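First comes the structure, then the notes that go with it.
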Amino acid sequence: MSLDSLWTQAWPWRGSLIALLVALGWAAGLRLARQPALGPAAAALGLAVGWVVTMGLVTASPRQLAERLPVLGLALAVLALVLAGLLRGRAGVIGLLMAALAVLGAAWWMAGAPMHGPSLVAALPVLAGVAAFGGAMLLRLDDATDGAKAALALLAGLLVAGGFGPQPMLAGCVAGAAIGAALAGAGGGPAVRAALAPAIAALGALPVIARGQPSDWAAAAAPLLALWLGPVIGRRLPARLGPALGWAIAAAPAIGLAWYLAPGRR
């Protein structure tokens, strides 16, 4: 394989590396400057930049679901900055409320941003589904490390599900941003939860909304299993292995099922 072909294959994934570097640079830079208050916004900033680099920024009304994600990422980044500045890592009623509103806002946006009664009723199944997905993520996602586990599980599911479009690359951006934030010690709190939970829910729901194949549903289940069953499995493993392997073992059945059910596999 030539260097040119390697570069061609790697180029669509550039957003993942950029997301990691942005998150790592933001959090590490603030720590070095002894101004870590805005550090928890690192993951949100990384995923927003990664999504824009991958998809571009569509300023007109998005015609495809994937085109909705860069605007959503930018909105989540602004919210994360506000929450990090106001709450400074303190998780309370306000932080939980804002994170829940972020999930609802992401669900509304992915449902087509309905503005009137009839369109809202028509979009209600999608809105409710994405909101439930995001709510389940919100209950278990505490910090950037959790976000990285969920994003990596989703990435693996999307890669084997036989899908189309940029969804795996967009999942790579979320994973890269979360990993960068975790490596820099960006911490957790409302700013992290309000950005990563809606982002993963919106991205996981995207192929289900667009195509709805059984493999898409299985892939979407992977991050939920990673966060909900991962700690349970991890506690049954040796202490040093539990946190590292529990989430992967928990997500493996969904990833395997996504591979088995992928169109054209059988």
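Any read-out appearing in this document is the output of simple, stated calculations on the displayed coordinates, not a laboratory observation. All values derive from a computational prediction rather than experimental measurement. Note: ideal-geometry Cβ built from the backbone for every residue, glycine included; neighbour counts use all protein chains shown.
Look through the range 226-253, keep the residues that are within 18 Å of residue 175 (Cα to Cα) and of a type in the set (Gly, Ala, Ser), and return whichever of them is surrounded by the fewest Cβ atoms within 10 Å (Cβ to Cβ).
Residue satisfying both the conditions and the ranking: 244.
Quick one: which helices (runs of 4 or more DSSP H) lie wholly within the range 156-266 and hold at least 3 residues that are over 28 Å from residue 74 (Cβ atoms) and more than 14 Å from the chain's Cα centre (by Cα)? Working first, answer last.
Details: elements: 167-183, 190-210, 214-228, 230-234, 242-261.
Qualifying helices (runs of 4 or more DSSP H): 214-228, 230-234, 242-261.
Which condition number does residue 124 fail, the rest of (1) crowded, with 18+ Cβ neighbours inside 10 Å; (2) farther than 25 Å from residue 244 by Cβ being met?
Checking residue 124 against (1) crowded, with 18+ Cβ neighbours inside 10 Å; (2) farther than 25 Å from residue 244 by Cβ, the one that fails is (1).
When the range 254-266 is examined, which residues are found to be surrounded by 14 or more Cβ atoms within 10 Å (Cβ to Cβ) and at positive phi?
Answer for the range 254-266, where residues must be surrounded by 14 or more Cβ atoms within 10 Å (Cβ to Cβ) and at positive phi: there is none.
Anything in the range 105-146 that is of a type in the set (S, T, N, Q) and under 13 Å from the mean Cα position of the chain (by Cα)? List them, or say none. Can you show your working first?
Our first condition is that a residue be of a type in the set (S, T, N, Q); within the range 105-146, this holds for 119, 145.
The answer is 145, and nothing else.
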